[in-house]
Amino acid sequence: MAWQQRIPHLLAVIIVATMVWSFINPYDMRVWWAEMTPILAIFIGLVATFRKFQFSNTSYVLMSVLLIMHTIGAHYTFARVPFEWVTELFDFERNHYDRIAHFSVGFYAYAAAELLVRNKWARPVTAMFFGLFFIMAIAASYEIIEWQFAVIEGGDAGIEFLGSQGDEWDAQQDMLADTLGALAALVLFWFSKYRRQS
């Protein structure tokens, strides 16, 4: 079981290595900082609270998906991530890397529900609803932040951070992707041992 205890540490090493790579000559440094500020805050928060509250390995793996994907997106900008093979395979009209990253935002619903149940702050079903609504609120808030950054920064940096790629319904579809990711994570939580705790 010793190797299982090392999973959070291994994930942290992978995330830090990805961040270092991402910082080296990104497409636009202003966009990099705008994209990476929330990711750095999440990562530092998880590291700072690790001794006080350690999530399950499942939670850490799920949370790491966003941290890694977003860090890659920050390097290239989300619209420019080399993802053409998926675009061509499914004959998409746009690069959907950002949509998959938004889906991974929803994975944090699992950790939110786990936190509430393990601390006995809520029963499992209530915790799952909280996890879902938490992600939906985060999704809406982030779209507002993207919009304001694009308005204030303007120019290419604003367009790259917004990442809509000409899709007028980009914000709504991003929020839907976040919500679907949360629902997928909560299905996984439903079958976890925590759901059976009262």
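Our estimate of slack between residue 172 and residue 50, defined as 0.36 nm per intervening residue step minus the Cα-Cα distance, is 40.5 nm. Maximal additional length on extending the residue 25-residue 145 stretch stands at 40.7 nm, based on 0.36 nm per residue less the C-alpha distance.
For segment 5-100, the solvent-accessible area of protein heavy atoms averages 57 Å² per residue (probe radius 1.4 Å; ligands and nucleic acids excluded). Heavy-atom surface analysis with a 1.4 Å probe gives segment 8-76 a carbon and sulfur content of 74 percent of its accessible area.
Multiplying the residue separation of residue 119 and residue 7 by 0.36 nm and subtracting their alpha-carbon distance yields 38.1 nm.
The values are calculated or read from the model by the stated rules, or taken from the named source; none is laboratory data. All figures in this text were calculated on a predicted structure; none of them were measured in a lab. Calculation scope for accessible area: heavy atoms of the full protein, side chains included, ligands and nucleic acids excluded. Shrake-Rupley method; radii C 1.70, N 1.55, O 1.52, S 1.80 Å.
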